[in-house]
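Below: one structure, written as structure tokens.
Derivation of every value follows stated rules applied to the coordinates shown; laboratory data play no part. Since the structure is predicted, the reported quantities are computational estimates derived from the model, not experimental observations. With ideal geometry, Cβ positions are generated from the backbone for all residues, glycine too; neighbour counts draw on all protein chains shown.
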Amino acid sequence: MLTLNLPDPQSKPRIVVIGGGFAGLNFVHQLDTTRYQVVLLDRHNYHTFAPLLYQVATAGLEAPDICGPLRKSFRRKHDFHFRMLQVHGIDPATRLVHTAAGAIPYDHLVLATGTRANFFGNQNIQAHTLPLKTVPDARRLRNHIFQTLERADLTDDPEERKRLMTFIIVGGGPSGVELAGALSELRKHVLAHDYPDTPMDQLRFILVEGEGELLSSFSDKSSREAYRNLEEMGIELKFGMLMTDYDGRVATFKDGTTLSSSTVIWGAGVTGEIIEGLKSDSVLKARYVIDDHLRVAGYENVYALGDVALLTNDEWPRGHPGVAQVAIQMGKRLAKNFNAIARDRPTTAFRYRDKGNLAIIGRNRAVADLPPNLHFSGVPAWFVWAFVHIFYLIGFRNRLFTFLSWVGNYVTYNRAVRLVLEPTLEEELREGEERFSVIDRR
């Protein structure tokens with residue numbers, strides 16, 4: 001039988017935090033835990049640096065390079081307790097969080113659950129496409145890419161090979177653009193040497209965007225630069241196309257266009273991870289409605305942070321962008337407000353400081369929009385992107401190993417982590433051999 005084994009907080013208020021992403025991580029780091037007991041809940045025991053998931057998927061980095069153990073991150077925190085649990089519901093009337101190991105009482109609740117891939121209710125697309133939101137997603141995609149290329153090497157059917165060698169990326173935001181660029185680099189510097197019997201001119205990477213431009217949250221200059229770079233790198237770009245169906249073999253679009261492909265990578269949108277229990281008017285479009293002190297509407301002791309929080313004002317009428325900086329700043333501000341309350345000092349309203357946008361497209365290719373109105377690209381933007389991402393990685397080991405991997409990849413034009421670790425293809429081949437063996441015996 002599972003039990004929580006949590007110590008009594010004594011006279012201290014207990015804060016339960018759900019989610020160990022950027023928001024939850026920075027909130028706990030900044031909080032004075034001599035004045036509060038903190039219980040952090042997450043279904044994984046590690047923090048993921050999500051902006052680099054695409055590099056795990058394209059064999060540039062290993063998963064441990066972008067992950068950090070949550071327990072290790074807070075081992076010096078007084079009265080901090082982590083439990084690896086899925087939360088099933090919240091009861092704000094009794095101030096309880098329900099998990100598989102039992103209910104946890106709280107004085108304050110912080111929701112930092114993040115987002116998941118949004119398939120807009122399309123079951124076929126959900127069943128057959130590959131999202132890129134978690135470490136398991138990234139490893140699954142990496143295995144799929146190399147298994148698909150192995151299959152292409154084993155077929156003599158031209159149409160089947162064409163289908164296997166067509167990769168569709170849905171979504172022209174930063175994730176889609178960076179993934180497309182990484183796949184192009186992989187094709188040029190690695191796959192052409194690893195698969196000499198496979199014609200690389202047949203390997204297609206198609207980036208499909210429903211709107212009319214790439215990187216819509218960036219400046220027009222950066223959007224045009226990203227378009228130019230991807231086109232030069234051999235990425236096929238298609239705009240104004242909305243995917244309506246995908247059965248694992250053929251992708252269908254709203255205008256009736258079809259594309260035969262064995263791989264569709266889904267990055268067309270996200271939706272908030274909402275936990276059942278709060279009033280319906282506290283949630284709008286799968287995000288918790290919050291005020292400028294980050295409190296969820298209708299509650300005095302429930303807060304929401306990061307991508308799952310919706311704070312609207314004159315400056316941000318549609319809410320803040322779903323980027324790491326928003327989550328980091330929200331987490332720090334809420335912790336500082338709790339620290340101020342413990343010292344009988346006034347709290348401060350949250351105000352987002354926009355630090356700009358960065359996206360890498362390939363070797364020496366990147367775009368940067370920095371405040372107040374600075375836009376640049378190429379090698380300088382590439383270095384800024386690398387520095388910022390190294391800086392925000394969790395832990396010295398991750399920073400060191402990621403830096404060394406990047407240097408190695410840059411100097412050698414190589415990707416070391418291109419192993420097929422799931423035996424799917426091997427199992428298919430074994431089943432085929434067994435079928436032929438039965439036929440021979442007959």
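Here's the list of aspartates and glutamates a cross-link from Lys72 could span, going by alpha-carbon distance under 20 Å and ignoring same-chain residues fewer than 8 apart: Asp32, Asp42, Glu62.
Restricting things to Cα coordinates, could you compute the convex hull volume per residue of segment 60-128 in Å³?
Working: hull volume 11.9 nm³, N = 69.
It is 173 Å³ per residue.
Candidate cross-link partners of Lys221 among the lysines, defined by an alpha-carbon separation under 18 Å and a same-chain spacing of 8 or more, comprise Lys355. With N the number of residues in segment 240-355, Rg(Cα) / (2.2 N^0.38 Å) evaluates to 1.45.
Fully extending the segment from Ile274 to Tyr299 would add 7.4 nm, taking 0.36 nm per residue of separation and subtracting the current Cα-Cα distance.
Mean-square fluctuations from a GNM of the chain, with a 10 angstrom spring cutoff on Cα atoms, peak among Thr244, Thr94, Thr263 at Thr94. Antiparallel DSSP bridges in the chain: what percent, to the nearest 5? Counting DSSP beta bridges with both partners in the chain, the antiparallel share is about 50 percent. Distance between the pseudo-spin-label points of Val411 and Leu237 (7 Å out from Cα toward the beta carbon): 3.4 nm. Label separation (Leu374 vs Lys355): 1.4 nm, computed from points 7 Å beyond Cα along the C-beta direction.
Placing +1 at every Lys and Arg Cβ and -1 at every Asp and Glu Cβ, with all other atoms neutral, what dipole size does segment 159-255 have around its Cα centre, in debye to the nearest 20?
Values: 12 positive and 18 negative charges, 15 e Å.
Around 80 debye, computed over segment 159-255.
Placing a label point 7 Å from the Cα of Arg228 along the Cα-to-Cβ line, the residues of segment 382-407 whose backbone N sits under 16 Å from it are 382.
Going by C-beta contacts inside 10 Å, put Thr348, Thr252 in order with the fewest on the left. Could you put the intermediate results ahead of the total?
Numbers: Thr348 12, Thr252 16.
Final ranking by Cβ density, sparse to dense: Thr348, Thr252.
Take the Cα pairs of segment 1-155, get the Kirkwood Rh, then feed it into Stokes-Einstein at 10 °C and 1.306 mPa s and tell me D in µm²/s.
Numbers: Rh = 17.7 Å.
D = 90 µm²/s.
Can you give the percent of C-alpha pairs in the chain whose distance is more than 42 Å?
20
Put a dot 7 Å past the Cα of Arg71, heading toward its Cβ, do the same for Asp291, and the two dots end up 3.9 nm apart. Can you give me the C-alpha center-to-center distance between segment 133-209 and segment 67-86, rounded to a whole angstrom? After rounding, the separation between the Cα centres reads 37 Å. Here's the list of lysines a cross-link from Lys254 could span, going by alpha-carbon distance under 16 Å and ignoring same-chain residues fewer than 8 apart: Lys238.
A Cβ-based charge dipole, computed about the Cα centre of the chain with Lys and Arg at +1 and Asp and Glu at -1, lands at about 1740 debye. Working ranking of peptides 268-275, 374-381, 109-116 by packing, defined as the average number of other Cβ atoms within 10 Å per residue, highest first, is 109-116, 268-275, 374-381.
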